[in-house]
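A short reminder: the numbers here are calculations on the coordinates, not readings from a lab. Keep in mind the model is a prediction, meaning the values are calculated, not measured. Positions of Cβ are backbone-derived with ideal geometry, glycine not excepted, and every protein chain shown enters the neighbour counts.
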């Protein structure tokens with residue numbers, strides 16, 4: 001009977017030790033995942049800030065006065081003079 005109790009006690013102690021190691025290892029893994037989560041959240045926040053900056057920049061670059069200035073500067077576009085404007089009468093009878 002003594003021998004059987006000894007093995008049973010040894011089995012219980014082994015189970016307790018294994019459970020303790022499992023708990024510690026699980027806690028360790030959860031901390032690693034939490035650190036990674038925090039890093040990803042910080043990266044997301046940085047990307048959201050950059051996205052906001054890009055949207056502001058896009059809004060500044062696509063204003064009508066800026067587009068008109070770039071069209072004049074790069075493409076040589078200008079408003080037509082009155083002598084360049086032709087009015088075509090599209091009457092009802094087609095004449």
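Rounded, prolate or oblate, given the Cα gyration tensor of the chain, with a/c below 1.5 counting as rounded? Can you show the working numbers first?
Numbers: a/c = 11.91, a/b = 4.57, b/c = 2.60.
Prolate, because a/c is 1.5 or more and a/b exceeds b/c.
Pop a pseudo-label 7 angstrom from the Cα along the beta-carbon direction at both residue 2 and residue 34 and give the gap in nm to one decimal.
Roughly 4.8 nm, to one decimal.
As a footprinting exposure proxy, order 2, 77 by other Cβ within 10 Å, with the fewest listed first. Spell out each step's value before the answer.
On the way: 2 5, 77 10.
Fewest to most other Cβ atoms nearby, the residues stand as 2, 77.
Roughly how many Å is it from the Cα centre of segment 26-52 to that of segment 53-95, as a whole number?
So the separation of the two Cα centres works out to 47 Å.
Would you calculate a helix-derived [θ] at 222 nm for the chain, using -39,500 (n - 2.57) for each DSSP H run of n ≥ 4 and dividing by the full residue count, to the nearest 500? Show your work: numbers first, answer last.
Values: 2 runs with 72 residues, N = 95.
Roughly -28000 deg cm²/dmol at 222 nm, from the helical runs in the chain.
For residue 77 and residue 53, what is the calculated FRET efficiency with R₀ set at 35 Å and r taken between the beta-carbons, to the nearest 0.05?
Details: r = 30 Å, r/R0 = 0.85.
Rounded to the nearest 0.05, the efficiency is 0.70.
Could you give the length gained on full extension between residue 66 and residue 43, defined as 0.36 nm per residue of separation minus the Cα-Cα distance, in nm?
Details: separation 23, 0.36 × 23 = 8.28 nm, distance 3.31 nm.
Roughly 5.0 nm would be gained on extension.
Rounding to the nearest 10 and keeping the result within 0 to 90°, find how far the Cα-based axis of helix 64-75 lies from the longest principal axis of the chain.
Approximately 70 degrees, to the nearest 10.
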